[in-house]
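Comments concern the structure below.
The values are calculated or read from the model by the stated rules, or taken from the named source; none is laboratory data. Everything numeric in this text was worked out from a predicted model, so none of it was measured. FYI the Cβ positions are ideal-geometry reconstructions off the backbone, even for glycines, and counts take in every protein chain you see. Protein only, heavy atoms only, side chains kept; ligands, DNA and RNA dropped before computing areas. Shrake-Rupley method; radii C 1.70, N 1.55, O 1.52, S 1.80 Å.
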Amino acid sequence: QVQLVESGGGLVQAGGSLRLSCAASGSISRINAMGWYRQAPGNQRELVATITSSGTTNYADSVKGRFTISRDDAKNTVSLQMNSLKFEDTAVYYCNAVVRRIYTPTTSISWGQGTQVTVSS
C-alpha cells in the first residue's frame, strides 16, 4: 500500500504565491515520475506539471513560467511552487506518483486525496 498526502493549499489573492507539497509513504521500492494535476468544478482533471526520476520536467502551457515542480527523493516528496496565481488556477490539486512497490515487479499509479487552492480576484 502506498499513500500520498498533499498539504499547502489555501486561499490566496491573485498575484500571490502558494507552495504545495506531497509526501509518499508505504511499501515503496522506487518512485518513477511524479506529478501534479488539478480539477476545477465542472472540468476534467488536467495535468499541471510532471517530473521524472531523472529530473526532467513538463508543464501545462497555462502554468509555464509561473509554477515550478521539484522533488526530494530522499524524502519521497514532490512540491509545486505556484507564483503569480490567477483566478483560473482555482481548483483541487492532486499529486500522483508512479510507484514500484517492494516485492512487486510492476509499477502502479497512486493519487493523493487532493488539496483545495482558491485564488480570489
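Apart from one condition, Ser25 fits all of (1) small (Gly, Ala, Ser); (2) over 11 Å from Cys95 (Cβ atoms); (3) open to solvent by less than 70 Å² (accessible area, probe 1.4 Å); (4) touching a residue at least 60 places away in the same chain (Cβ under 8 Å); the exception is (4).
Among the residues of segment 94-109, is any open to solvent by 60 Å² or more (accessible area, probe 1.4 Å) and either within 15 Å of the chain's Cα centre (by Cα) or under 12 Å from Cys22 (Cα atoms) (or both)? Yes, segment 94-109 contains a residue that is open to solvent by 60 Å² or more (accessible area, probe 1.4 Å) and either within 15 Å of the chain's Cα centre (by Cα) or under 12 Å from Cys22 (Cα atoms) (or both). Just so you know, in segment 110-121 the residues that are surrounded by 15 or more Cβ atoms within 10 Å (Cβ to Cβ) and polar (S, T, N, Q) include one that is nearest to Thr52 (Cα to Cα), and it is Ser110. Taking the listed residues Thr77, Thr50, Thr90, the one that is touching a Gly at 6+ places or on another chain (Cβ under 7 Å) and surrounded by 14 or more Cβ atoms within 10 Å (Cβ to Cβ) is Thr50, with no other qualifying.
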